[in-house]
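Trainee: To start, I am sharing the structure in question, which I have written as structure tokens.
Values quoted throughout were computed directly from the atomic coordinates according to the rules given, and no laboratory measurement underlies them. Quick caveat, the model's predicted, so the values are computed rather than measured. Reconstructed Cβ throughout: ideal geometry from the backbone, glycine too, with neighbour counts over all protein chains shown.
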Amino acid sequence: MMQQFYPSVPHPYSFELNKDMHFSAAHYIPAEEVGKCAKMHGHTYHLNITIAGDQLNGTGFLIDFKQLKDLIHKRYDHSVLNDHPEFTDTFPTTEQLAQQIHKLIQDTLDRSDNQPACVQVIVRETPTSYVIYRPKEVSS
């Protein structure tokens, strides 16, 4: 695997965890102006997720890497993004996907004892295009 470096996000925390992962999913954007994207097509999405915090959990992690992977992979891998309830009122663009992944992760982190924050989600849709989502306010 080629080493990929992404833009870092400044934050006030002592610890930072980054997790790269990927999943395959299909989507379409039902709007005439999007051209080819109006038809169903698939991508292998590559993600980089940045979690930060000051406190580690009982086993010494901000969050277990496997828990992050399971959270995303089990939900989205080999699915049609348009069929997910989070895309009922919006189109599953890469921007919206990045924001929804952040919400899914942060909701999980908010239930943990050590309260880390998801400070950045990067979703690469193609080899030449990616989206970065950073929440305006860091949850703590």
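Trainee: Cα-based count: Lys pairs in the chain below 20 Å, eight or more positions apart or different chains?
Mentor: Lysine pairs meeting both conditions in the chain amount to 9.
Trainee: Any idea what angle helix 94-110 forms with the longest principal axis of the chain, computed on alpha-carbon atoms, 0 to 90 degrees, nearest 10?
Mentor: That helix lies at roughly 30 degrees to the long axis.
Trainee: For the range 31-140, which trypsin sites (Lys or Arg not before Pro) are in a loop by DSSP, counting at most 16 other Cβ atoms within 10 Å?
Mentor: When the trypsin sites (Lys or Arg not before Pro) of the range 31-140 are filtered for loop state and at most 16 Cβ neighbours within 10 Å, K39, R111, K136 remain.
Trainee: What 222 nm value per residue comes from the helices of the chain, counting each DSSP H run with n ≥ 4 as -39,500 (n - 2.57) and dividing by all residues, nearest 500 deg cm²/dmol?
Mentor: Helices in the chain give a 222 nm mean residue ellipticity of -6500 deg cm²/dmol.
Trainee: Follow-up question, since we're still on this one. What FRET efficiency comes out for T126 versus Q55 if R0 is 30 angstrom and r is the Cβ-Cβ distance? Round to the nearest 0.05.
Mentor: Given R0 = 30 Å and the Cβ-Cβ separation, E is 0.20.
Trainee: Where in the range 85-108 is the amide nitrogen less than 19 Å from a point lying 7 Å along the Cα-to-Cβ axis of H41?
Mentor: Of the residues in the range 85-108, 91-98 have backbone N under 19 Å from the label point off H41.
Trainee: Find how much the distance from T88 to E16 grows on full extension, using 0.36 nm per residue of separation minus their present alpha carbon separation; answer in nm with one decimal.
Mentor: 22.6 nm
Trainee: Rounded to whole Å and sorted largest first, list the principal axis extents of the Cα atoms in the chain.
Mentor: Largest to smallest, the principal-axis extents are 48, 32, 27 Å.
Trainee: Hey, any idea what Rg/Rh is for the range 1-48, computing Rh the Kirkwood way over Cα pairs?
Mentor: Expressed as Rg/Rh, it is 1.17.
Trainee: Compute from the Cα atoms of the range 25-77 the Rg and the Dmax, the latter being the longest Cα-Cα distance, and quote both in angstrom.
Mentor: Answer for the range 25-77, Rg first and Dmax second: 17.0, 51 Å.
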